[in-house]
Amino acid sequence: MKSVLFACNMNSVRSPMAAALLRAQARGRVNVDSAGVYEGALDPFVAVVLGEINVPLDEHEPKPMRALDLAKFDLAVALTPEAAEEARRLMARERVEYWPTENPTDSYGGRDEILAAYRRVRDDLRRKLAQRFPDLYEKP
């Protein structure tokens with residue numbers, strides 16, 4: 001696999017988080033990007049929970065899927081039903097996977113409760129990435 005696109009609704013939480021996690025693990029062996037059905041604004045809690053595990057966001061700029069040449073991606077991983085539908089509309093169905101992923105922005109409470117929801121998503125994505133891309137997660 002040479003290139004992976006992660007997609008969610010606004011490209012502000014789940015897809016940039018997944019892309020940053022895989023990019024950090026792949027270390028240039030795979031081209032990784034993210035996009036949304038719509039263009040949103042990056043959620044600051046994403047940088048916080050990724051920073052806790054020393055994963056940089058780089059200079060993520062949210063963008064819609066329609067702004068990318070999807071033909072250059074070997075795989076699109078959709079993290080929301082809407083993103084799965086859009087990805088299947090724009091590229092071959094066999095190149096799209098759907099990974100249902102919690103939306104941490106739906107969480108309520110104080111900062112600790114909200115951060116806990118973002119950490120759950122981060123950790124869930126880390127497990128899914130390690131299962132889907134074991135060759136990138138093997139110890140040297």
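The values are calculated or read from the model by the stated rules, or taken from the named source; none is laboratory data. Remember, predicted model here, so these are calculated numbers, not experimental data. Cβ coordinates were reconstructed from backbone atoms using ideal geometry, including for glycine residues, and neighbour counts include every protein chain displayed.
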> Which condition number does E102 fail, the rest of (1) under 20 Å from A7 (Cβ atoms); (2) part of a helix (DSSP H, G or I) being met?
Replying inline: (2)
> Mind checking whether some residue in segment 1-10 is touching a residue at least 40 places away in the same chain (Cβ under 8 Å), closer than 17 Å to E97 by Cβ, surrounded by fewer than 14 Cβ atoms within 10 Å (Cβ to Cβ) and not hydroxyl-bearing (S, T, Y)?
Replying inline: yes
>> Take the residues in segment 33-78 that are assigned to a loop (DSSP other than H, G, I, E, B) and among the small types (G, A, S); name whichever of them is surrounded by the fewest Cβ atoms within 10 Å (Cβ to Cβ).
In response: A41
> Is there any pair with a first residue in segment 85-110 that is of a type in the set (D, E) and a second that is assigned to a loop (DSSP other than H, G, I, E, B) whose Cβ atoms are under 8 Å apart and which are 6 or more apart or on different chains, and what are they?
Replying inline: E86/V37
>> Going by what's in this entry, would E138 be described as out of contact with any Cys (no Cβ under 6 Å at 6 or more places or on another chain), modelled with pLDDT under 95 and within 16 Å of L22 (Cα to Cα)?
In response: yes
